Amino acid sequence: MKAALLCGPCPPGACGVGDYTVCLARALNQRGIEAHVISSGNWNLFGSTKRYKGVDRARFDVVHIQYPTFGFGWAPIPQVLALVQRCVVTIHEASGAHILRKLSLLPFCIRPKRLVFTSEYERQFAVKWVPWVSKSSCVIPITSNISAFEGPSKRSLDEILYFGLIMPHKGLESVIALGELVKASGLSFRIRIIGSCPREHAAYFEELKSKTSTLPIIWENELSENQVAKRLASSSIAYLPYPDGVSERRASFKAALLNGVAVITTRGQHTPSTLEGLVSFCANPEEALVAVRSLIGDAEQRTKLALRACAYARQFSWDSIAEAHLTLYRNVLDKKFNRERVSLKNREVESSADSGSV
């Protein structure tokens, strides 16, 4: 089986979906699928026909679009491709997207081979908008691009960790506010922020570093996947204040859980009930500071959260994600084979009828 995974040009670390696509291709290749990440080339409207012909000539059994991504941006080529060639499409963000981004999802809903959502909440949101996708959609959860660290590590109580993309709307203002509270309270621990910063947000990153120069905050960016895993495995507590609340589609959250970190996070309308008892929910930095001090002094509670977190995160292994995609691709190809067989049989019947009438 030969599969094309389309995500547009996404430099490593600049786009979570782009990184996920690379990891997915690797996992599929390990399962015997010849998976190719299609990321280079002209991704504007002018290049859409050329891109379609290139994908078509390669004769992939499955064309799988990952959307939205940094690489695609606002270019309509994935929508054009989905209209001229029936594809599998994974929609990574719908409910929380800007209204224009929501509208950009509509072309994918016209004639998909299969629409994949990363959580049932996201699928149900789409079904309310376009009810006819109910029968053509399914859920395959994402997993973390960061694996569990396998080497020896000693967990520290001197630092609170944040991990994620360094860009606006990622909750960093709340993390900085926690740093201000730590300083004002005269506490001895630090906050370590690790992540990657997309190039277009470099000025934002520099502004935050300047703003926090007198706070107990350490910045680390552009670490390798193994270095990130090691940092997570060396941490006891993480503060991940997602502005719209934690959900199953947060890969950074799953990375922390997988590495046995006790997580303090925020609740939102799409936060699943399965996370109750796995994390400490705090609505603001003030509550987070109370939770941090409580966890630092309660080794039993830290251990309990860490063990539950690891057990929860292990169900989202790359092996299980690859198996779910393999099953999806086989179902899609079986339906295509059955349609072609019926079409061939109908042509044979028509040909026989024409011969008999001569």
- Query: Taking only C-alpha pairs under 8 Å that are 6+ residues apart, what is the relative contact order of the chain in percent?
  - Reply: 15
- Item | Derived scalar couplings ³J(HN,Hα) [the stretch 237-246; Karplus, 6.51 cos²θ - 1.76 cosθ + 1.60; whole Hz; x for Gly, Pro] | 9, 10, 10, 10, x, 5, x, 9, x, 6
- Item | Highest to lowest packing among 146-158, 103-115, scored as the average C-beta count within 10 Å | 103-115, 146-158
- Cysteines (scope the chain) whose Cβ has no counterpart Cys Cβ under 4.7 Å: CYS7, CYS23, CYS87, CYS109, CYS138, CYS197, CYS282, CYS310
- What do you get when you divide the Cα radius of gyration of the stretch 85-202 by 2.2 N^0.38 Å, with N the number of residues? 1.48
- Task: Based on alpha-carbon positions alone, could you give the equivalent ellipsoid semi-axes of the stretch 66-121 from the gyration tensor, as √(5λ), descending, whole Å?
- Result: 16, 14, 10
- Query: So how far apart, in nm, are the two label points at GLU207 and GLU286 if each is 7 Å from Cα heading toward Cβ?
  - Reply: 2.6
- Message: If packing is taken as the average number of other Cβ atoms within 10 Å across a peptide's residues, how do 227-235, 315-323 rank, most packed first?
- Response: 227-235, 315-323
- Run through the DSSP bridge list for the stretch 98-210 and note the antiparallel percent, rounded to the nearest 5. 0
- Query: So what's the Cα pair-distance distribution over the stretch 167-301, bin width 10 Å, in %?
  - Reply: 11, 43, 39, 7, 0
- What length, rounded to one decimal in nm, is gained on full extension from GLU222 through to LYS183, with 0.36 nm per residue of separation minus their alpha-carbon distance? 11.4 nm
- In whole angstrom, how far apart do the alpha carbon centroids of the stretch 69-140 and the stretch 263-341 sit? 22
- Taking only DSSP H segments of four or more residues, each worth -39500 (n - 2.57), what value at 222 nm results for the chain once the sum is divided by all its residues, to the nearest 500 deg cm²/dmol? -14000 deg cm²/dmol
- Message: So if I restrict to the alpha-carbon atoms in the chain, what is the Rg, and what is Dmax, the biggest pairwise distance, in Å?
- Response: 23.3, 98
- Query: Residue by residue, what Karplus-based ³J(HN,Hα) values in Hz, rounded to whole numbers, does the stretch 303-308 have, using 6.51, -1.76 and 1.60 with θ = phi - 60° and x for Gly and Pro?
  - Reply: 5, 4, 5, 5, 5, 5
- May I ask you to order 30-37, 12-19 by the average number of other C-beta atoms within 10 Å around their residues, highest value first? 12-19, 30-37
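No lab work stands behind these numbers, since they all come straight from the coordinates. Note that the structure is a prediction, hence the values are computed from the model and not measured. Heads up, the Cβs are rebuilt from the backbone with ideal geometry, glycines too, and the neighbour counts pull from every protein chain shown.
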